[in-house]
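Peer 1: Can you keep this structure in mind? I'll have questions shortly.
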Amino acid sequence: MRKFATTAAVAGFALGILATTTTGSLADDSKLEQLKSQGFARLAIANEPPYTAVAADGKVSGAAPDVAREIFKRLGVADVAASISEYGAMIPGLQAGRFDVVTAGLFMKPERCAAVAYSEPVLCDAEAMLVKKGNPKGFKSYEDVAKDTAATIGAPGGGTEEKLALNAGVPRERVIVVPDGQSGIKMLQDGRIDAYSLPVLSINDLMKKANDPNLEVIAPVQGAPVYCDGAAFNKKDTALRDAFDVELAKMKESGEFAKIIEPYGFSAKAALSTTRDKLCAAK
Ligand code: 6CS
């Protein structure tokens, strides 16, 4: 897991450790007070633009961290420090205290809602597949991949697309874990996978950067739901989650939320049209 922090965040982190060592516990045991004195919130991200991105100089951006950074600033937490994690490791890392919050486009689903304390919805998106030009295997859905007994599909480990492919009947050995977007493009170009699946905006971003006329986007994947993420907090930090939600609601109301996420291609209306309770409700 690689960490990306601004100088202030690193200094704050060191002070935070010092405070813990010296006093045995930080000045205030409420999580928000702890983050304020620590000087930053530790984010889990995946580095999957436009949801989350880390530049060569370590600068963290993407719609989810940008929303989180602004909300934490309003809560009195000066900065954020991000660590890149595989989707499947985000919730265990949050529960183990390695992150203060997951801001990575971790889509709300009942099983995840049972494990974390989600904020209200932030980023919504449909699912897509990247295939060879002309879509030679005629994929429109995950079921189509399952029916083609020789076909393989790439997806993030512990991610939604991996789960959708398995649930559609693609055998485990034909669902290939792909660590990141660049690897997914390369594996598709080399014919090591027949399709690579991520949310639509992530696939479109990869397609634009790959600039490869021999690839084609299939979007949306038929039969796959539109998902929304939220910031995911440790279940013991519901007070922090609630404080986050108060600021999120104000920003949704004022239009500042739309100003942050829409340049990345996300729809504020989509997030405003649903709720955590609806997204977490078992189907
Ligand atoms: O929540 C997930 O599992 C999915 N979310 C994103 C933004 N990308 C892929 C991942 O599988």
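Peer 1: At 7 Å along Cα-to-Cβ for each site, give me the label-to-label distance between THR238 and GLU33 in nm.
Peer 2: A separation of 2.0 nm, rounded to one decimal place.
Peer 1: Additional query: At a 1.4 Å probe radius, carbon and sulfur cover how many percent of the accessible area of segment 151-283?
Peer 2: 55 percent
Peer 1: Starting from the Cα of ALA115, step 7 Å along the direction of its Cβ; do the same at LEU75; then give the gap between the two resulting points in nm.
Peer 2: In this crude label model, ALA115 to LEU75 measures out at 2.1 nm.
Peer 1: Amide H neighbours of VAL101 under 5 Å, at least 5 residues apart or on other chains, H built in the peptide plane: list them.
Peer 2: ARG42, ALA44
Peer 1: Checking the a/c ratio against 1.5 first, then a/b against b/c, what shape does the Cα gyration tensor give for segment 60-184?
Peer 2: prolate
Peer 1: Okay, moving on. Which aspartates and glutamates, if any, have their Cα less than 20 Å from the Cα of LYS209, not counting same-chain residues under 8 positions apart?
Peer 2: Once the sequence-local aspartates and glutamates are set aside, what remains near LYS209 is GLU48, ASP57, ASP125, GLU127, ASP180, ASP190, ASP194, GLU262.
Peer 1: What is the gain in length, in nm to one decimal, between LYS283 and GLN182 on full extension, counting 0.36 nm per residue of separation less the C-alpha to C-alpha distance?
Peer 2: 33.0 nm
Peer 1: Pull up the DSSP beta bridges for the chain and report the antiparallel fraction as a percent, rounded to 5.
Peer 2: 60 percent
Peer 1: Using 32 Å as the Cα-Cα cut-off, could you pick out the over-long pairs in LYS163/LYS186; LYS132/LYS252; LYS36/LYS259?
Peer 2: LYS132/LYS252
Peer 1: Which value, in debye to the nearest 20, gives the size of the charge dipole of the chain about its Cα centre, when Lys and Arg are +1 and Asp and Glu are -1 at the Cβ?
Peer 2: 180 debye
Peer 1: Suppose every K and R has +1 on its Cβ and every D and E has -1 on its Cβ; what is the size of the dipole of segment 94-226 about the Cα centre, in Debye to the nearest 20?
Peer 2: For segment 94-226, the charge dipole is close to 220 debye.
Peer 1: At a Förster radius of 30 Å, what calculated FRET efficiency corresponds to the Cβ-Cβ distance of LYS59 and LYS147, to the nearest 0.05?
Peer 2: That pair, LYS59 with LYS147, gives E of 0.10.
Peer 1: Please give me the summed charge of the neighbours of ALA224: other residues whose Cβ is under 11 Å from its Cβ, Lys and Arg +1, Asp and Glu -1.
Peer 2: My count for the surroundings of ALA224 gives -2.
Peer 1: Another question about this same structure. How much net charge surrounds VAL175 when only the other residues with a Cβ under 12 Å from the Cβ of VAL175 are counted, with Lys and Arg +1 and Asp and Glu -1?
Peer 2: Neighbour charge sum, excluding VAL175 itself: -1.
Peer 1: If you average the sequence gap of Cα pairs under 8 Å that are 6 or more apart and divide by the length of the chain, what percent do you get for the contact order?
Peer 2: Relative contact order here is 25 percent.
Peer 1: Something else: Pick out, from GLN95, ASN214, SER202, the residue whose Cα sits farthest towards the positive end of the charge dipole of the chain, with +1 on the Cβ of Lys and Arg and -1 on the Cβ of Asp and Glu.
Peer 2: Result: ASN214, furthest along the dipole toward the positive end.
Peer 1: Now for a separate question. Between VAL226 and LEU272, what is the label-point separation in nm under the 7 Å Cα-to-beta-carbon projection?
Peer 2: 1.4 nm
Peer 1: While we're here: Would you mind getting the accessible area per residue of the chain, heavy atoms of the protein chains only, 1.4 Å probe, in Å²?
Peer 2: Dividing the accessible area of the chain by its residue count gives 44 Å².
Peer 1: Further question: Taking the dipole about the Cα centre of the chain, with the C-beta of Lys and Arg at +1 and of Asp and Glu at -1, give me whichever of GLY191, GLY230, ALA126 is farthest to the positive side.
Peer 2: Checked the options; the winner is GLY191.
Peer 1: Please give the net charge around ALA155, taking every other residue with its beta carbon less than 14 angstrom from that of ALA155, where Lys and Arg add +1 and Asp and Glu add -1.
Peer 2: Once positives and negatives cancel, what remains is -4.
Peer 1: Could you give the DSSP H helices of the chain that reach 27 angstrom or more along their long axis (alpha carbon positions) and whose average Kyte-Doolittle hydropathy is no lower than 0.0?
Peer 2: In the chain, no H run is both long and hydrophobic enough.
Peer 1: From the square roots a ≥ b ≥ c of the eigenvalues of the alpha-carbon gyration tensor of segment 126-283, which class results: rounded (a/c under 1.5), prolate (a/b over b/c), or oblate?
Peer 2: It comes out prolate by the Cα gyration axes.
Peer 1: While we're looking at this one, here's another question. Let me make sure I get this right: for the chain, a, b and c are the square roots of the gyration tensor eigenvalues over alpha carbons, sorted descending. Under 1.5 in a/c it's rounded, otherwise prolate if a/b > b/c, else oblate. Which is it?
Peer 2: Verdict is prolate for the chain.
The values are calculated or read from the model by the stated rules, or taken from the named source; none is laboratory data. None of these values were measured; they are calculated from a predicted model. Reconstructed Cβ throughout: ideal geometry from the backbone, glycine too, with neighbour counts over all protein chains shown. Each accessible area value is taken on the protein alone, full model and side chains, heavy atoms only, with ligands, DNA and RNA left out. Shrake-Rupley method; radii C 1.70, N 1.55, O 1.52, S 1.80 Å.
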